[in-house]
Amino acid sequence: MTTHRALAVSAAAVAAFGLAAPAAQADGMNINPSNIVALPSVIARGGQLTITVDGCPTGGTATSEAFRSTPLTPVDHTQTSRGTATVNRDARNGSHSITVNCGGKTLTNPAAFTVIGGVQGGLGGSSSSGATPTDMAIGGGLVAAAVVAGGFFWLRRRSERRI
């Protein structure tokens with residue numbers, strides 16, 4: 001009989017703790033943000049940054065001087081939350097911090113990512129707007145040389161047919 005009583009008491013204890021554990025998590029006792037990861041860690045202005053936070057099962061917000069406040073959503077069946085932020089086009093170059101707020105608890109990663117200056121593409125290295133007189137002279141000389149060479153070739157072919 002004592003074995004049955006011990007098993008019954010053990011089963012009751014396991015059931016009580018099993019039912020109490022989800023309630024403790026729902027009350028915020030297991031919310032403890034512990035790790036902030038920003039990928040990519042080096043990004044150009046205007047790029048998108050993925051922020052992952054461990055120990056944040058209910059979601060929260062991520063803030064930085066380089067982007068607007070970003071919501072973090074829970075990842076299914078884990079203690080992790082994730083969000084995507086767009087880096088401001090006027091963000092300063094250098095290292096930036098991210099501060100996360102999860103369930104009233106905050107955590108800051110002081111050097112979470114680095115912003116680098118972007119490149120103005122599409123200009124081809126030029127800084128002038130239009131052709132200069134020198135460019136026009138070179139282009140005109142090349143066109144004139146092509147006309148003279150074409151005329152010479154045409155006259156030469158014409159004279160070969162008469163022979």
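The values are calculated or read from the model by the stated rules, or taken from the named source; none is laboratory data. Here the structure is a predicted model, which is why all the values come from computation and not from measurement. Cβ: placed from backbone, ideal geometry, glycine included. Neighbour counts: every protein chain shown. All accessible areas refer to the heavy atoms of the entire protein, side chains included, with ligands and DNA or RNA removed. Shrake-Rupley method; radii C 1.70, N 1.55, O 1.52, S 1.80 Å.
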For this session: Just reorder ARG156, ARG68 by solvent-accessible area, largest first, 1.4 Å probe, all chains present.
Result: ARG68, ARG156
Exercise. Could you give the length gained on full extension between HIS77 and SER97, defined as 0.36 nm per residue of separation minus the Cα-Cα distance, in nm?
Worked result: 4.4 nm
Exercise. So, in nm, how far is label ASP90 from label THR114 when the simple model puts each one 7 Å beyond its Cα toward the Cβ?
Worked result: 2.5
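Using a Förster distance of 25 angstrom, determine the FRET efficiency expected from the C-beta separation of VAL42 and THR132, and round it to 0.05.
So, using R0 = 25 Å, E works out to roughly 0.05.
Figure the gain on full extension for ASN32 and ALA149 (residue separation times 0.36 nm, minus the Cα-Cα span) and round it to one decimal in nm. If you can, show how the numbers build up before the last one.
On the way: separation 117, 0.36 × 117 = 42.12 nm, distance 8.05 nm.
Answer, rounded to one decimal: 34.1 nm.
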